[in-house]
1. When segment B:174-196 is examined, which residues are found to be touching a Gly at 6+ places or on another chain (Cβ under 8 Å), β-branched (Val, Ile, Thr) and either more than 8 Å from every other protein chain (Cβ to nearest Cβ) or surrounded by fewer than 21 Cβ atoms within 10 Å (Cβ to Cβ) (or both)?
2. Of the conditions (1) surrounded by 20 or more Cβ atoms within 10 Å (Cβ to Cβ); (2) touching a Ser or Thr at 6+ places or on another chain (Cβ under 8 Å), residue A:216 fails just one. Which one is it?
3. In segment A:38-60, what residues are within 9 Å of DNA strand D (Cβ to nearest atom), surrounded by fewer than 20 Cβ atoms within 10 Å (Cβ to Cβ) and in a helix (DSSP H, G or I)?
4. Is one or more of the residues making up segment B:152-165 under 23 Å from residue B:100 (Cβ atoms) and crowded, with 20+ Cβ neighbours inside 10 Å?
5. So which of A:199, A:204 is under 15 Å from residue A:100 (Cα atoms), within 8 Å of chain B (Cβ to nearest Cβ) and within 21 Å of the chain's Cα centre (by Cα)?
6. Suppose we filter A:136, A:192 for residues that are outside any loop (DSSP other than H, G, I, E, B) and without any contact (Cβ under 8 Å) to a residue 24 or more places away in the chain; which single one remains?
7. Only one of B:27, B:94 is surrounded by 13 or more Cβ atoms within 10 Å (Cβ to Cβ), among the hydrophobic types (A, V, I, L, M, F, W, C), within 14 Å of another protein chain (Cβ to nearest Cβ) and within 12 Å of DNA strand C (Cβ to nearest atom). Can you tell me which?
8. I'm trying to understand the selection: among the residues of segment A:1-24, which are part of a helix (DSSP H, G or I) and more than 11 Å from DNA strand C (Cβ to nearest atom)?
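No lab work stands behind these numbers, since they all come straight from the coordinates. Here the structure is a predicted model, which is why all the values come from computation and not from measurement. Ideal geometry is used to build each Cβ from the backbone, glycine not excepted, and the neighbour counts take in all protein chains shown.
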2 protein chains.
Amino acid sequence: MSAGRTARERVRAELTREITDIARRQLAVDGAAGLSLRAVAREMGMVSSAIYRYFPSRDDLLTALIIDGYNALGEAVENAEAACAPGDHTGRWLAVCHAVRDWALAHPHEYALLYGSPVPGYKAPMDTVAAAIRDTVVYGRIVSDAHRAGVLNPPDLCPPVPASFGRDAERVRGLMPGVPDEVVARALTAWTGLFGWVGFELFGQFNNTILDPAPAFEHAMRCHAALLGLPA
Amino acid sequence: MSAGRTARERVRAELTREITDIARRQLAVDGAAGLSLRAVAREMGMVSSAIYRYFPSRDDLLTALIIDGYNALGEAVENAEAACAPGDHTGRWLAVCHAVRDWALAHPHEYALLYGSPVPGYKAPMDTVAAAIRDTVVYGRIVSDAHRAGVLNPPDLCPPVPASFGRDAERVRGLMPGVPDEVVARALTAWTGLFGWVGFELFGQFNNTILDPAPAFEHAMRCHAALLGLPA
DNA sequence: TTATCGTCAAGAGCGGTGCTCTCGTTCTCT
DNA sequence: AGAGAACGAGAGCACCGCTCTTGACGATAA
C-alpha cells in the first residue's frame with residue numbers, strides 16, 4: 001500500500017510481491033502441500049535462507065496467500081453483485097453463486113486452501129477474518145435488503161426454528177440486520193448449500209455422474225433462493 | 001478377509017493391519033500431511049524401507065486409509081438408517097444426516113481426507129469408488145423408497161429442471177431408480193447441502209458465529225427434506 | 001566525511017521426509 | 001533338498017523447513 005519512502009523499502013516491497021507471486025503460481029500447480037520455500041527461492045535466484053527475511057516461516061507465506069485468496073474471491077463476488085440491479089435480489093444472489101463457483105473453478109487450489117481441509121497445524125491468524133468474510137458480507141446485505149424491501153416470503157415448509165438458535169441468530173444478524181430468526185436459519189442453509197455444491201464439484205465428489213454441472217448448479221441455487229423466500 | 005493359509009501370509013496380514021492402525025492414529029493427530037512412513041516404521045520398531053514391502057508408496061497407504069474411512073462412514077450411515085422404521089422416510093433421512101455429522105465430528109481428519117481438499121498429486125484409484133458411495137447408496141434408497149411409496153410431494157417452488165439435466169439425471173438414477181428428474185435435482189441439492197454444512201462446521205467456516213450448531217443443523221436438514229418433498 | 005548500526009544475501013548445517021538399491025537371511029513351494 | 005520369492009536392515013539420494021554465522025552494503029548520525 002504505502003509507496004515506500006526509501007529505496008530499501010521499495011525493493012523490499014517489490015521482492016515480497018515477487019515471492020507471493022511465485023508462491024501463488026506454485027500453489028496453482030502443486031497445491032498447498034507442494035509449496036516450497038526452497039523452490040520459490042530457486043526460482044528467484046536466491047538462496048533459501050534469504051526468503052526468511054521476508055516471511056519468517058512457511059506458514060506466514062501461506063497466510064499471505066490465504067488472505068490474498070479471500071480478497072480475490074471477495075472482490076469477484078463484490079463485482080458480480082455490483083453489476084446487478086439493486087432491486088433484483090434474486091439476481092444478486094445468483095450472481096454471487098456464479099461468482100463463487102467461477103472463481104473456484106478458475107483457482108481450484110486456492111479455493112481448496114480457503115474452503116477445503118484446513119492445513120494441519122496451521123492456525124489462521126486474526127488478520128484473515130476480515131478478508132474471509134467479504135463474500136459473506138455481500139450475501140448478508142442481499143438478504144437484508146430483500147427483507148427490508150418486503151419481497152422475502154419464506155414458504156411455510158420448514159419447522160419452526162428452535163428457541164436455542166436465538167443467540168446464534170443474533171450473531172449472524174450482524175451481517176444481515178433486521179432479519180428474523182427463520183430467515184437467518186434458511187440463509188445459513190442456502191449459504192452452506194452453495195459451498196457444499198462447489199466443493200462437491202471441485203473435489204470430484206460427483207464422481208463422473210454430473211458431467212454438465214453448470215445448469216444443475218443454477219437450478220440448485222434457484223431452489224435455495226426459493227426456500228429462502230426470494231421471488232422467482 | 002482370507003484366513004491366511006501360511007504363517008507368512010498371516011504375519012503379513014497382521015503387520016499390514018498394524019501399519020494402517022498406527023497410520024490412522026497418526027492421521028487423527030496430525031492430519032494427512034503429517035502422515036510419515038518413517039514415523040510409522042519407527043513406532044513399529046522397523047526400518048523405514050521395510051514398510052515398502054507392504055505399501056509401495058505413501059499414497060498407497062493413504063489410499064488404504066481413505067477406503068477404510070469411506071467404509072467406516074458408510075457403515076455408520078447404514079447402521080443409523082437401519083435403525084429407523086422403513087416407512088419413516090424423513091426419519092431415515094435425518095438419521096443419515098446425523099450419522100454423517102457425528103462421524104465427521106468424531107473423525108475430523110479422516111473426514112477431511114474424504115471430503116476435504118484432495119491430496120495434491122493424489123489420484124484416487126478405482127478401488128475407492130465402491131466404498132465411497134456406500135453412504136450415497138443409502139441415501140438413494142431412501143429417496144427411491146419415498147418416491148415409490150408415493151409420499152414424496154416436492155413443493156412447487158423450484159423452476160423446472162433444464163432439459164440438459166436429463167443425461168446426468170439418468171446416471172444419478174442408478175442410485176435412486178424410478179425417481180423423476182425434478183426429484184433427482186432436489187436430491188442433489190439436499191445431499192450437497194448436508195456435506196456443505198458439515199464442512200463449514202468442521203473446517204471452522206462458521207467462524208465462532210454458530211456456537212450451538214446441533215439444533216441449527218437439524219433444522220437445516222429438515223428444510224432440505226421439505227424442499228425434497230419428504231413429509232414433515 | 002567518517003563511523004556506526006541495521007539490513008541483507010549467502011552458505012553451512014541440523015533433523016526430517018519419501019523413496020531406491022543392495023545385501024544377507026528366512027520362509028515356502030516344488 | 002534346492003530354487004526362488006519374500007523379508008528386514010542399512011546406506012544413500014534428493015528434497016524439505018528452519019537456524020546460525022559471516023561478510024558486504026546502505027542509511028543515518030556525529
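1. Selection gives B:183 alone.
2. (2)
3. Passing the criteria: A:38, A:39, A:41, A:42, A:48, A:49, A:50, A:58, A:59, A:60.
4. yes
5. A:199
6. A:192
7. Result: B:27 is the single residue among B:27, B:94 that is surrounded by 13 or more Cβ atoms within 10 Å (Cβ to Cβ), among the hydrophobic types (A, V, I, L, M, F, W, C), within 14 Å of another protein chain (Cβ to nearest Cβ) and within 12 Å of DNA strand C (Cβ to nearest atom).
8. Filtering segment A:1-24 down to residues part of a helix (DSSP H, G or I) leaves A:7-24.
A:17, A:20, A:21, A:22, A:23, A:24, listed by residue number.
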